[in-house]
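Below: one structure, written as structure tokens.
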Amino acid sequence: MSEAGLLVALDVDGTLLHEDGSMSDAVITAARKATERGHRLMLATGRSWETTLPVVEELGIDPEYVVCANGALVMKRDAEAPGGYRRHLIETFDPSDVLRTIRSHLADGRYMVEYPSGYRRYTAGMTDWNLENAEEVEFEGLLSEPVTRVVVVSPGHDELEFLKIVEGMGLHQVAYAIGWTAWLDIAPLGVNKSTALERVREWLDVPRSRIVAVGDGRNDIEMFEWAGAEGRAVAMGQAPDEVKDAANEVTGSITEDGLVAILTSL
């Protein structure tokens, strides 16, 4: 990295991608120009690797590392690996207790688990998710193996109702975050975007003052606290208030291409 270059960690949904999955030309252009100026852009997302790689490709960046599954998976660039990346760091947990706890509160919930290989199993009704490299199973079929991630959807609740239900569950065994629509994304205890990004920072030998992080969700709060301690933590304009409070800057919303202003300022 050049002396002037920054390590820039970008959330995906609500930061790069609109709700319909599109990315604006202005964001793509700004990202490529920032890279040309010597900054190192990377992604830090709750998504699986399989749904993150197309975003890396569309954005036109070539990061050394990519953080997926809210920090439970870090991919490393490797020309010999399929897609040009290999699994470099994997964190797992036993999902059985937490799944049973959630099911006792959400009888009509829909569930998906992701394994270290990227393979997923899900219960009936997960129709709005990319289900490639996945199989539908009964609920008990989710409980048998360690996973990197659990996703829970409750179609009958809006986000505020879902938050109240989650707060009453007492999920102390794992870290969890609500996505920008009503789903629960669960990672191993003590694992989040910031823990993975700190590993990346150390591997790349980047000073803490040379960090920029941009996001919009509750799963970005720890990342903001980490980045903002010495660097820049930027919340998108549509982020919930508690997410904005964790940042030290707020930019425009996703519909205003708020990320462009930040990338241009680097």
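The values are calculated or read from the model by the stated rules, or taken from the named source; none is laboratory data. Computed from a predicted model, the values in this text were never measured in an experiment. In this analysis, Cβ positions are derived from the backbone assuming ideal geometry, glycine residues included, and neighbour counts consider all displayed protein chains.
Tell me, which residue of region 118-132 that is charged (D, E, K, R) and outside any loop (DSSP other than H, G, I, E, B) is surrounded by the most Cβ atoms within 10 Å (Cβ to Cβ)? Top of the filtered list is ARG120.
Does ASP257 satisfy the condition of being surrounded by fewer than 21 Cβ atoms within 10 Å (Cβ to Cβ) and either touching a strand residue (DSSP E or B) at 6+ places or on another chain (Cβ under 6 Å) or farther than 26 Å from ASP20 by Cα (or both)? No, not satisfied.
Taken over region 133-148, residues that are under 21 Å from PRO188 (Cα atoms) and either among the charged types (D, E, K, R) or assigned to a loop (DSSP other than H, G, I, E, B) (or both) amount to 6.
Kindly establish whether VAL98 is among the β-branched types (Val, Ile, Thr), in contact with a strand residue (DSSP E or B) (Cβ under 8 Å, 6 or more places away or on another chain), farther than 30 Å from PRO155 by Cβ and surrounded by 14 or more Cβ atoms within 10 Å (Cβ to Cβ). Here the answer is no, as VAL98 does not meet what is asked. The number of residues in region 42-53 that are surrounded by fewer than 23 Cβ atoms within 10 Å (Cβ to Cβ) and assigned to a strand (DSSP E or B) comes to 1. Scanning region 51-88 for residues that are within 25 Å of TRP183 (Cα to Cα) and hydrophobic (A, V, I, L, M, F, W, C) yields LEU53, VAL55, VAL56, VAL66, VAL67, CYS68, ALA69, ALA72, LEU73, VAL74, MET75. LEU16 meets each of the listed conditions (1) under 18 Å from the mean Cα position of the chain (by Cα); (2) modelled with pLDDT under 95 apart from (2). May I ask you to list the residues in region 205-245 that are in a helix (DSSP H, G or I), surrounded by fewer than 22 Cβ atoms within 10 Å (Cβ to Cβ) and among the small types (Gly, Ala, Ser)? Across region 205-245, the qualifying residues are SER209, GLY228. Scanning region 246-266 for residues that are touching a His at 6+ places or on another chain (Cβ under 9 Å) and either within 23 Å of ARG201 (Cα to Cα) or not in a helix (DSSP H, G or I) (or both) returns LEU263, LEU266.
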